[in-house]
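Here's the structure we're looking at; comments come further down.
The values are calculated or read from the model by the stated rules, or taken from the named source; none is laboratory data. Predicted model, so just to flag it, every value in this text is computed and none were measured. Don't worry about glycine lacking a Cβ; one is built from the backbone with ideal geometry, like all the others, and counts go over all protein chains shown.
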Amino acid sequence: MSSPLTYKSAGVDIQAGDDLIERIKPFAKKTMREGVLAGIGGFGAMFEIPPGYHQPVLVSGTDGVGTKLKLAFEWNMHAHVGIDLVAMSVNDVLVQGAEPLYFLDYFACGQLDVDTASLVIEGIAKGCEQAHCALIGGETAEMPDMYPIGEYDLAGFAVGVVEKSKILSGETIQASDRVLGLASSGVHSNGFSLVRKVISTVLERGESLPERLDGVPFREALMAPTRIYVRTVLEALKTHPIKGLAHITGGGLIENLPRILPDSLGAVLHRQNWPRSEVFSWLQHHAQIDDTEMNRTFNDGIGMCVVISDEHASTLKAHLEALGERVYEIGEITNLAPLDPESSQPSRVKVI
């Protein structure tokens, strides 16, 4: 007689899932903050809006890590992709002027490796700590035949809150306002399809990859976790009349900055005003792309843009630098030129 079929024999190990939950509880506990009513372990996580808001508005954002995960699998570098996951959502919530409150993650795999999953979720917890955002729930899905052995996918979302009167909509931005750029920590989590193509092209040519870029081993330079700007920017918002924030993700500076500008405005950015790291120089050289494509694909060294009036720009820059950010005056807001009859739309951002 054949043995009875079980969930484990079908490829799903419930005990491994239980072991993972127990292992990640200490990581999640470190992220707890005022407002958490029920966290990991229940059917639903509950959070109470902090006191002091008169017209609280909830702001949510969701994202993944993208094909950066392919390098994590290939290079066995799982410790920081969880930080990337958190950063992509909390930085998006931040640009509305909102304080991230809590985060939930989704980890999906074909066969659960508790050690790897624990490492990834520990990274998620570290990202939440950086953002002062509680990790209060999530889902681990083991789905045989859906993913190759050793691979997984990540998604997550953050919820934040902002006083309705303090929402950053960008509607007060005007020509002559300054654009400050907050330095990125590297490639962050966008453009990795091109990054991987560059790596494979270099190797196919029989060339060697560099041992180090920007003072760290090559792989560490590319896999550096996305910078989380929450604490410093929220602190600056308390005392500075910031008009708009733009998180520089897919689409780069050229496509993300216009998202916060009134329709009649654009921006001119001066490329010489911020340094280019060895990582981006290496990528541009081997991808053989021009500056326009570079700034449409990658963050090119700027992870967050801040728009403020000219008279307050230097004070804000000094404050953000005192808080630990590297800040550059990268450009200014301009009126849009008349529409070129040969173009379907005006160029909103020019990098010169």
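Here are the numbers:
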{"item": "Hits in region 310-337 (condition: more than 21 Å from the chain's Cα centre (by Cα) and part of a helix (DSSP H, G or I))", "result": "Asp310, Glu311, His312, Ala313, Ser314, Thr315, Leu316, Lys317, Ala318, His319, Ala322"}
{"item": "Exclusive hit being surrounded by 14 or more Cβ atoms within 10 Å (Cβ to Cβ), over 21 Å from the mean Cα position of the chain (by Cα) and outside any loop (DSSP other than H, G, I, E, B), set Val159, Val202", "result": "Val202"}
{"item": "Selected residue [assigned to a loop (DSSP other than H, G, I, E, B), more than 30 Å from Asp310 (Cα to Cα) and of a type outside the set (A, V, I, L, M)] from Pro241, Pro148", "result": "Pro148"}
{"item": "Close pairs from region 10-23: first modelled with pLDDT of 65 or more, partner in a loop (DSSP other than H, G, I, E, B), Cβ under 6 Å, at least 6 apart", "result": "Ala16/Leu112"}
{"item": "From the options Val233, Val159, residue that is in the same structural domain as Arg326 (by TED's automatic domain parsing), β-branched (Val, Ile, Thr) and touching a helix residue (DSSP H, G or I) at 6+ places or on another chain (Cβ under 8 Å)", "result": "Val233"}
{"item": "Whichever residue in region 82-113 is among the charged types (D, E, K, R) and within 21 Å of Leu245 (Cβ to Cβ) and, among such residues, is surrounded by the fewest Cβ atoms within 10 Å (Cβ to Cβ)", "result": "Glu99"}
{"item": "Considering residues of region 35-69 that are out of contact with any Asp or Glu (no Cβ under 9 Å at 6 or more places or on another chain) and aliphatic (A, V, I, L, M) only, the residue nearest to Leu168 (Cα to Cα)", "result": "Leu58"}
{"item": "Whichever residue in region 251-279 is basic (Lys, Arg) and part of a helix (DSSP H, G or I) and, among such residues, is surrounded by the most Cβ atoms within 10 Å (Cβ to Cβ)", "result": "Arg271"}
{"item": "Check on Ser185, under 30 Å from Lys243 (Cα atoms), under 23 Å from the mean Cα position of the chain (by Cα) and small (Gly, Ala, Ser)", "result": "yes"}
{"item": "Residue within region 38-61 that is modelled with pLDDT of 95 or more, surrounded by 19 or more Cβ atoms within 10 Å (Cβ to Cβ) and not aromatic (Phe, Trp, Tyr) present", "result": "yes"}
{"item": "Test: residue in region 99-107 that is over 30 Å from Arg219 (Cβ atoms), among the acidic types (Asp, Glu) and modelled with pLDDT of 95 or more", "result": "yes"}
{"item": "Failed criterion for Leu154 (all others in (1) under 15 Å from Val81 (Cα atoms); (2) among the hydrophobic types (A, V, I, L, M, F, W, C); (3) not in a strand (DSSP E or B) hold)", "result": "(3)"}
{"item": "Any hit, region 84-106, residues being without any contact (Cβ under 8 Å) to a residue 12 or more places away in the chain and not hydrophobic (A, V, I, L, M, F, W, C)", "result": "no"}
{"item": "Filter result (without any contact (Cβ under 8 Å) to a residue 60 or more places away in the chain and either at positive phi or surrounded by fewer than 17 Cβ atoms within 10 Å (Cβ to Cβ) (or both)) within region 221-250", "result": "Lys238"}
